[in-house]
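Below: the structure, in structure tokens.
The values are calculated or read from the model by the stated rules, or taken from the named source; none is laboratory data. Bear in mind that the values here come from a model prediction, so they are computed numbers and not experimental data. Glycine also receives a Cβ, built like all others from the backbone with ideal geometry; neighbour counts cover every protein chain displayed. The protein model used for the area step is the full one, side chains on, heavy atoms only, and it has no ligands, DNA or RNA in it. Shrake-Rupley method; radii C 1.70, N 1.55, O 1.52, S 1.80 Å.
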Amino acid sequence: MRTFKLQVQMSVDGYMSGPNGEMDWLTYPEGEDISAYTTGLAERVDTIVLGRKLAEGFIPHWAAGPEDEPKEAVDQINQAHKVVISRTLTASPWENTVIEGGDLTETVTRLKEQPGGDLIAYGGGTLVAELIKRQLIDELHVFVNPVALGGGMPVFGGPGAYRNFRLVDARPFACGITALRLEPKRS
């Protein structure tokens, strides 16, 4: 069975965006050490899972071949199969991308059972919260930025979203971000 990873940016107080969706708090520049980490994380990935809102910016950004990103990363992301989870889109406007609007658990289970490399989800608040809530993620790679937002969209959902994780690794980077590799504890 394929491994399903989640890579998400988070503030130290657990938010993936500010109260109004702000992302201006992210730590930049990240540096070569994070670039090497994320490249290694994506090495075995051949399928990217995105929510609709994130896909609308993510896919065109990478398709444009951003010059500030390593060519290997641009090529890997553009060549990867993409699955967009959406209840509003019925057809994909992007190359190498399919839309899935059915039951999230059934969709992820089916994807994990298919042959191929690993799957990865990048951010996307609603999708992330549902993936964690439904215990569909095998590995969480949480990039904790050295900033507290005081409110916003929580990574782990609101009250009642209690989950246990096992810390596999914690890696600090020169820019101040710390990557936590977590695995869910399943009963």
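What residues qualify as long-range amide H neighbours of residue 135, i.e. H under 5 Å apart, gap of 5 or more or another chain, H built at 1.01 Å from N?
none
Roughly speaking, what is the centre-to-centre gap between the range 42-103 and the range 148-187 when only Cα atoms are used, to the nearest Å?
What the calculation gives is 24 Å, centre to centre.
Only residues of the range 4-33 count here: report those whose backbone N is under 19 Å from the spot 7 Å along Cα→Cβ of residue 174, or say none.
27-33
In whole percent, and with a 1.4 Å probe on the protein chains, what portion of the accessible area of the range 43-135 is carbon and sulfur?
Details: 2480 of 5070 Å².
Carbon and sulfur: 49 percent of the exposed surface of the range 43-135.
Counting only helical runs of four or more DSSP H residues, what would the 222 nm mean residue ellipticity of the chain come to if each run contributes -39,500 (n - 2.57) and the total is spread over all its residues? Provide the component values of the computation, followed by the final result.
Working: 5 runs with 51 residues, N = 187.
Result for the chain: -8000 deg cm²/dmol, rounded to the nearest 500.
Using Cα pairs closer than 8 Å and at least 6 residues apart in sequence, work out the relative contact order for the range 28-187, in percent.
Values: 204 pairs, mean separation 37.3, N = 160.
The normalised contact order for the range 28-187 reaches 23 percent.
Using modelled amide H (1.01 Å from N, peptide plane; none on Pro or chain starts), what sits under 5 Å from the amide H of residue 9, excluding residues fewer than 5 places away?
HN-HN under 5 Å from residue 9: 123, 143.
Can you spot the lysines whose alpha carbon is less than 16 Å from residue 112's alpha carbon? Ignore those fewer than 8 places along the same chain.
5, 82
Hey, which aspartates and glutamates would be in cross-link range of residue 53, C-alpha to C-alpha under 16 Å, not counting anything within fewer than 8 residues on its own chain?
Partners within reach: 22, 100, 130.
Sorted by accessible area with a 1.4 angstrom probe, largest first, how do 162, 37 fall? Before the final figure, lay out the partial values.
Working: 162 165, 37 35 Å².
Putting 162, 37 in descending order of accessible area: 162, 37.
For the residue pair residue 103 and residue 36, what label-to-label distance in nm results when each label sits 7 Å from Cα along the Cα-to-beta-carbon direction?
4.5
Would you work out which of 51, 90, 109 lies farthest towards the positive end of the dipole of the chain? Charges go on Cβ: Lys and Arg +1, Asp and Glu -1.
109
Give me, ordered by chain and number, the residues 5 or more places off residue 80 or on other chains with an amide H under 5 Å from its own placed amide H.
none
In Å², and per residue, what accessible area does the chain have when probed at 1.4 Å with the other protein chains present? All intermediate terms of the calculation are to be shown ahead of the outcome.
Values: 9960 Å² over 187 residues.
So the chain comes to 53 Å² accessible per residue, rounded to a whole number.
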